[in-house]
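Novice: For reference, the structure I am asking about is given below.
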Amino acid sequence: MRVPAACDVLLGNGSDELISIMSVACSKPGAKVVAPVPGFVMYEISAKFAHLEFIGVPLKADFTLDADALVAAIGEHAPALVYPAYPNNPTGTLYDDADMERVIAAAKRSLVVIDEAYQPFAGKSWMPRAADFDNVVVMRTVSKLGLAGIRLGYMAARPEWIMQFDKVRPPYNINVLTQATADFLLDHLDVLDAQAADLRAQRAVLAREVAALPGMTVFPSAGNFLLVRVQDAAVAFETLLTSRVLIKNVGKMHPLLADCVRLTVGTAEENAHMIAALKKLAPH
Ligand SMILES: *Cc1c(COP(=O)(O)O)cnc(C)c1O
């Protein structure tokens, strides 16, 4: 997984558990978490469970990072944790390098958790630089690579951080079946990488086809999904369901996501089926 030699690794029962571990480790009266919104919901849920205050900083309307606002929030709140997801879920945005560097530089008293859950589809990663900063953790999972059910996430950071988080890791959090499966996975990484490469190619095809449909706006995605603004997200969800296609209506998640749905990229055949179902959504 190309973890730098200067980093240690901590495993979690999915990266969800790592988020929980970091929240618990950083919990003390007044401690805060800052993350761009809309983003991955577990940052906020985990923060609340651990009695940390969550502050969401809205992305720009095109879902790129509002680096000025994020840097300002970091300065104002001095959060324990800052969570840029790279790429972001559910928007698929891969934040600009210079913006990320600004955030890391501004977060001198914080830990910046770069969540690379969708890294197999991104073609870019902060992992090679994980040890270059004393305030960065890079977090990954095998879930989106195709093995969500084995529940295995990992984080890489300088040993000083890993040592602290290990104190609140539940003992035996990674069971032997998961370990054996992960061993098998590492022997066949080429198969999963090839599958991810195929999904990346299919994503480009699907994005072109959806963008050509009337009334649909496709946002650039570095994940295995597309965020699409439709005329009515609830109607889109129901219409596709009648064709036995399950999409995610994220329209109510955040005001910036009004009438947006998330479409998962599948095989060429599955995507063709989804496009046919989307064509039933006549513009009104
Ligand atoms: C799916 C996801 C996770 C959690 O993955 P696990 O299955 O718990 O490893 C974390 N972050 C983001 C952004 C995700 O999309």
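The values are calculated or read from the model by the stated rules, or taken from the named source; none is laboratory data. Since we're looking at a predicted model, the values are computed, not measured. Every residue, glycine among them, receives a Cβ derived from its backbone with ideal geometry; neighbour counts consider all protein chains shown. Ligands, DNA and RNA are excluded from the accessible area calculation, which covers all protein heavy atoms including side chains. Shrake-Rupley method; radii C 1.70, N 1.55, O 1.52, S 1.80 Å.
Novice: Residues of region 254-275 being aliphatic (A, V, I, L, M) and either within 14 Å of M216 (Cα to Cα) or touching a strand residue (DSSP E or B) at 6+ places or on another chain (Cβ under 8 Å) (or both), which ones?
Specialist: Applying the first criterion (aliphatic (A, V, I, L, M)) to region 254-275 yields 256-258, 261, 263, 265, 268, 272, 274-275.
If the condition is that a residue be aliphatic (A, V, I, L, M) and either within 14 Å of M216 (Cα to Cα) or touching a strand residue (DSSP E or B) at 6+ places or on another chain (Cβ under 8 Å) (or both), then L256, L257, A258, V261, L263, V265, M274, I275 are the ones that fit.
Novice: For residues in region 26-57 being of a type outside the set (G, A, S) and within 10 Å of the ligand (Cβ to nearest atom), which is least open to solvent (accessible area, probe 1.4 Å)?
Specialist: Y43
Novice: Please determine, by comparing only the residues of region 109-119 that are of a type outside the set (A, V, I, L, M, F, W, C) and over 11 Å from the mean Cα position of the chain (by Cα), which one is most open to solvent (accessible area, probe 1.4 Å). Give the steps one after another, and end with the answer.
Specialist: Here is the first cut: in region 109-119, the residues of a type outside the set (A, V, I, L, M, F, W, C) are 109-110, 115-116, 118-119.
Okay, now just the ones that are also over 11 Å from the mean Cα position of the chain (by Cα), so 109-110.
Details: R109: 191, S110: 6 Å².
Top of the filtered list is R109.
Novice: Pairs, please: C-beta under 7 Å, at least 6 apart or cross-chain, first residue open to solvent by less than 30 Å² (accessible area, probe 1.4 Å) and in region 7-21, second hydroxyl-bearing (S, T, Y) and within 7 Å of the ligand (Cβ to nearest atom)?
Specialist: G14/T141; G14/S143; S15/T141
Novice: Still on this structure, I have one more. Considering only region 15-25, I want to know if a residue exists there that is over 26 Å from G123 (Cβ atoms), assigned to a loop (DSSP other than H, G, I, E, B) and within 13 Å of the ligand (Cβ to nearest atom).
Specialist: No - not one qualifying residue is present in region 15-25.
Novice: Which of (1) open to solvent by 60 Å² or more (accessible area, probe 1.4 Å); (2) without any contact (Cβ under 8 Å) to a residue 60 or more places away in the chain is the odd one out, the single condition M1 does not satisfy?
Specialist: Result: M1 passes all but (2).
Novice: Of everything in region 144-154 that's crowded, with 19+ Cβ neighbours inside 10 Å and within 22 Å of G92 (Cβ to Cβ), which residue is nearest to the ligand (Cβ to nearest atom)?
Specialist: Residues of region 144-154 crowded, with 19+ Cβ neighbours inside 10 Å: 144-145, 150-154.
Adding the requirement that they be within 22 Å of G92 (Cβ to Cβ) leaves 144-145, 153.
Details: K144: 6, L145: 10, G153: 4 Å.
It comes out as G153.
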